[in-house]
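Data block below; observations after.
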Amino acid sequence: MKAAVLHGREDVRIEDVPEFPLQPGEVRVRIGAALTCGTDLKVFRRGYHARMLKPPCVFGHELAGTVGEVHPETLGWSVGDRVVCANSAPCGGCPSCRRGQENLCDDLLFLNGAYAESIVVPARLAAKNLLRLRPATAFESAALTEPLACVVQGIDDLKLAAGERVLVLGAGPIGLFAVALAHNAGCTVAVAGRGGSRLALAGRLGAASVVDMQGREDLEPTIRDALPRAEFDVVFEAVGKPSAWESATRLVRKGGRVNFFGGCPSGASVQFDTGLIHYSNLTLLASFHHTPRTIRRALELIESGVIRSADFVDGQAGLDELPELFRSMASGNRAVKTLIRP
């Protein structure tokens, strides 16, 4: 079959790779849709991922498709089932899993290889995080499940209440998901980010205020100038820069909550005003990854129409075009998500 193979830094090639025989518990899924992702762009730029990928290897992790083959000892699945698959599954037995924090599983099993004609879903994933789709659910919509589930985790961690004022920092796919979910929770949402089309989309998703950071790095004063009377109960940081983490603590109200959702580069450090955090009684948290519960909640949000692929998928390409697409993404392509059809 054809698949995108990562060989190193900014080196992705479309190659013929073997389709390995299935093992007990496994299924083979024919990819109907795969979506580009900021994590995959980071992998492309760096040439590896410390926890998930060691080149040469297939990559990509947002996918949906049709079951094309089932091992005779795999129960519960049939050829022709339309499915979405998460990119990981917890073990279920480690201390984190027993505490209900499966996203922190000590033996989290990752799955990559979405940019291909097919993918083998391991037994643990097939049992825990492979979900059937409704007949009307488009593959490109279902493929949003994994990244949306991560944001569902972050919003759940914040325990939003209707009527709260939420500031989202960043207007990439994660920030836009956060806007939609906070609005759906009954919150008043503001967003600060770059890109006219992305900010316009934030407005359509429910943001009451948008702050254009194009050409600006002074996040805090720009927001205060644009929204001089605004006070935020919650700040959802989706930029992934130390300066944004630091600004988030100064932009939230006394007694407010901050979610440092955006992962900073490896080795990065931040400086916080301890007096501000202490005397303002701030709650600071960070959310990572997803759980089987948030995967299922994300698919519910998609299939109920709260999250629509038409809002997030704004381009498409064939598998053969993937290397050039990632080069354009690395040089500043502002697409939210691109649909890859193998």
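The values are calculated or read from the model by the stated rules, or taken from the named source; none is laboratory data. Everything numeric in this text was worked out from a predicted model, so none of it was measured. All Cβ positions, glycine included, derive from the backbone under ideal geometry; neighbour counts span all protein chains shown.
Which residues, taken from the range 21-39, are out of contact with any Lys or Arg (no Cβ under 9 Å at 6 or more places or on another chain) and either part of a loop (DSSP other than H, G, I, E, B) or closer than 14 Å to Gly263 by Cβ (or both)?
Pro21, Gln23, Pro24, Glu26, Gly38, Thr39
Considering only residues that are over 20 Å from the mean Cα position of the chain (by Cα), over 16 Å from Ala34 (Cα atoms) and aliphatic (A, V, I, L, M), which ones fall in the range 99-144?
If the condition is that a residue be over 20 Å from the mean Cα position of the chain (by Cα), over 16 Å from Ala34 (Cα atoms) and aliphatic (A, V, I, L, M), then Ala123, Ala126, Ala127, Ala136 are the ones that fit.
Here are some conditions: (1) aromatic (Phe, Trp, Tyr); (2) at pLDDT below 95; (3) over 18 Å from the mean Cα position of the chain (by Cα). Phe59 meets all but one. Which one does it not meet?
(3)
Output the number of residues of the range 297-334 satisfying the condition of being surrounded by fewer than 20 Cβ atoms within 10 Å (Cβ to Cβ) and not in a helix (DSSP H, G or I).
13
This table checks each residue for (1) small (Gly, Ala, Ser); (2) outside the structural domain of Gly68 (by TED's automatic domain parsing); (3) under 27 Å from Ala138 (Cα atoms); (4) modelled with pLDDT under 95.
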| site | (1), (2), (3), (4) |
| --- | --- |
| His7 | no, no, no, no |
| Gln23 | no, no, no, no |
| Leu35 | no, no, yes, no |
| Thr39 | no, no, yes, yes |
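Could you look through the range 49-60, keep only residues that are touching a strand residue (DSSP E or B) at 6+ places or on another chain (Cβ under 8 Å) and not small (Gly, Ala, Ser), and pick out the one that is nearest to Ser266 (Cα to Cα)?
Looking at the filtered set, the residue picked out is Arg51.
Can you confirm whether the range 273-296 contains a residue that is part of a helix (DSSP H, G or I), of a type in the set (Phe, Trp, Tyr) and surrounded by fewer than 18 Cβ atoms within 10 Å (Cβ to Cβ)?
Step one: filter the range 273-296 for residues part of a helix (DSSP H, G or I), giving 274-279, 292-296.
Filter once more, keeping what is of a type in the set (Phe, Trp, Tyr): 279.
Restricting the remaining residues to those that are surrounded by fewer than 18 Cβ atoms within 10 Å (Cβ to Cβ) gives 279.
Yes.
Working only within the range 233-277, note down all residues that are β-branched (Val, Ile, Thr) and either under 24 Å from Pro147 (Cβ atoms) or outside the structural domain of Ala171 (by TED's automatic domain parsing) (or both).
Residues of the range 233-277 that are β-branched (Val, Ile, Thr), as a first pass: 234-235, 239, 249, 252, 258, 270, 274, 277.
If the condition is that a residue be β-branched (Val, Ile, Thr) and either under 24 Å from Pro147 (Cβ atoms) or outside the structural domain of Ala171 (by TED's automatic domain parsing) (or both), then Val234, Val235, Val239, Val258 are the ones that fit.
Which of the following residues is surrounded by 15 or more Cβ atoms within 10 Å (Cβ to Cβ), under 30 Å from Ala64 (Cα atoms) and under 26 Å from the mean Cα position of the chain (by Cα): Leu219, Leu199?
Exactly one residue qualifies, and that residue is Leu199.
Which residue out of Arg13, Arg51 is assigned by TED's automatic domain parsing to the domain that holds Phe312, in contact (Cβ under 8 Å) with a residue 40 or more places away in the chain, in a strand (DSSP E or B) and of a type in the set (Lys, Arg)?
Among Arg13, Arg51, only Arg13 is assigned by TED's automatic domain parsing to the domain that holds Phe312, in contact (Cβ under 8 Å) with a residue 40 or more places away in the chain, in a strand (DSSP E or B) and of a type in the set (Lys, Arg).
Mind listing whichever residues of the range 72-114 are over 28 Å from Ser141 (Cβ atoms) and in contact with a strand residue (DSSP E or B) (Cβ under 9 Å, 6 or more places away or on another chain)?
Selection gives Cys91 alone.
Confirm whether Ser331 is small (Gly, Ala, Ser) and without any contact (Cβ under 8 Å) to a residue 24 or more places away in the chain.
It is true that Ser331 is small (Gly, Ala, Ser) and without any contact (Cβ under 8 Å) to a residue 24 or more places away in the chain.
Of all strands (runs of 3 or more DSSP E) completely enclosed by the range 147-252, which ones contain at least 3 residues that are of a type in the set (Val, Ile, Thr) and at pLDDT 95 or above?
Working: elements: 165-169, 188-193, 207-212, 232-237.
Because the criterion is at least 3 residues that are of a type in the set (Val, Ile, Thr) and at pLDDT 95 or above, the strands (runs of 3 or more DSSP E) in the range 147-252 that meet it are 188-193.
Quick grid of which residues meet (1) of a type outside the set (Asp, Glu); (2) closer than 22 Å to Thr39 by Cα:
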{"position": "Asn184", "(1), (2)": "yes, no"}
{"position": "Val189", "(1), (2)": "yes, no"}
{"position": "Gly193", "(1), (2)": "yes, yes"}
{"position": "Glu220", "(1), (2)": "no, no"}
{"position": "Ala230", "(1), (2)": "yes, no"}
{"position": "Asp233", "(1), (2)": "no, no"}
{"position": "Gly240", "(1), (2)": "yes, yes"}
{"position": "Glu246", "(1), (2)": "no, no"}
{"position": "Arg253", "(1), (2)": "yes, no"}
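Checking the structure you have, find out if any residue of the range 162-178 is surrounded by fewer than 19 Cβ atoms within 10 Å (Cβ to Cβ) and out of contact with any Phe, Trp or Tyr (no Cβ under 8 Å at 6 or more places or on another chain).
Yes, the range 162-178 contains a residue that is surrounded by fewer than 19 Cβ atoms within 10 Å (Cβ to Cβ) and out of contact with any Phe, Trp or Tyr (no Cβ under 8 Å at 6 or more places or on another chain).
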